[in-house]
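Following: one structure in structure tokens, then a few remarks.
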Amino acid sequence: MTVIAIDGPAASGKSTVSRRLAQRLGFAYVNSGTMYRAVTWDLLQRGTDTASAVVIEAALASTDVVCGIGKNRESFIRINNSNPDEALRDRSVNRHVSLVSAVPAVRALISSRLRALAQDCPLVMEGRDIGTAVFPETPYKFYLDASPEIRQQRREAEGGADQIADRDKLDSSRKAAPLKIAPDARVVDTSHLTLDGVVDAILDLLRQSGIAPK
Ligand code: CDP
Ligand code: CDP
């Protein structure tokens, strides 16, 4: 089983870098944030009170989650037979996702699905707790970072409404698998690097560990 874990706060470059890295290595790409967003979207659709962990946990009993790796070598998720791709970056999801992700039962559900994906093929997986909680045994751990100002600017340049400082605070302070740097992770500050500069820096470090591009 080979998993390259890419963690870090919002807009540190995880998605773009992980996708490119996976392409260079011939690995599949898994975006775990999409899964937490999909659960959040589904709960909101059903009018669930996202401020109550008890209510969320009860709602999970009627949440059917199917996830896998698609033909494009990227992860997908269907939730209660819907594929909410377009809605996952809506303002309402941005505002509620950190509350939902803090609930241990939600984390247990998604983490077990993420672990199952790694049985089939080598992965680049991005998120908040991939190196600390989902695959703590992987030797390939990276933590991407950038200053809060640069990260907020990047999100605004994408045109979305996303108060990332609020999410980062909740994600870092929750009890269950908070965002933190794994002691054995390599930290890459992306503030002043291009996206390909980040990918090349990670590939250089992976080469030293015996993993090379195709
Ligand atoms: O793209 P961005 O970094 O803004 O967010 P994302 O990766 O789509 O993740 C959205 C939210 O899901 C995060 O703010 C966390 O609350 C949660 N998440 C998590 O708790 N654990 C993960 N492994 C991935 C995401
Ligand atoms: O997944 P995450 O939220 O960590 O970040 P992302 O969605 O990959 O990147 C957020 C935005 O910052 C994207 O528009 C990237 O193109 C941009 N970015 C950049 O311009 N330079 C970097 N070194 C990293 C990200």
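Things worth noting here:
- Computed [θ] at 222 nm, helices only, for the chain once each DSSP H run of length n ≥ 4 contributes -39500 (n - 2.57): -13500 deg cm²/dmol
- Within segment 104-163, chymotrypsin sites (Phe, Trp or Tyr not before Pro) in DSSP loop having at most 10 other beta-carbon neighbours inside 10 Å: none
- If you run the Gaussian network model on the chain, springs between alpha carbon atoms under 10 Å, then out of Asp162, Asp204, Asp129 the most flexible one is Asp204.
- Relative contact order of the chain, pairs being alpha-carbon contacts under 8 Å that are 6 or more residues apart, as %: 35
- Shape category assigned to segment 160-214 from the gyration tensor of Cα positions, a/c cut at 1.5: oblate
- The charge dipole of the chain, taken about the Cα centre with unit charges on the Cβ atoms of Lys, Arg (+1) and Asp, Glu (-1), comes to about 260 debye, rounded to the nearest 20.
- Net charge in the neighbourhood of Ser101 (other residues with Cβ under 10 Å of its Cβ; Lys, Arg +1, Asp, Glu -1) is +3.
- Rule-of-thumb Rg ratio for the chain [Cα; 2.2 N^0.38 Å; N residues]: 0.97
- Rolled with a 1.4 Å probe across the full set of protein chains, the surface gives Ser62 an accessible area near 70 Å².
- Helix runs (DSSP H) in the chain reaching 18 Å along axis by Cα, Kyte-Doolittle at least -0.5: 32-45, 104-117, 195-208
- Percent carbon-and-sulfur accessible area, segment 167-214, ignoring ligands, DNA and RNA, probe 1.4 Å: 56
The values are calculated or read from the model by the stated rules, or taken from the named source; none is laboratory data. Only a predicted model underlies this, so the values are computations on that prediction, with no experimental measurement involved. Neighbour counts are summed over all protein chains in view; Cβ atoms, including those assigned to glycine, are modelled from backbone coordinates with ideal geometry. Just the protein is used for accessible areas: all its heavy atoms, side chains included, with ligands, DNA and RNA removed. Shrake-Rupley method; radii C 1.70, N 1.55, O 1.52, S 1.80 Å.
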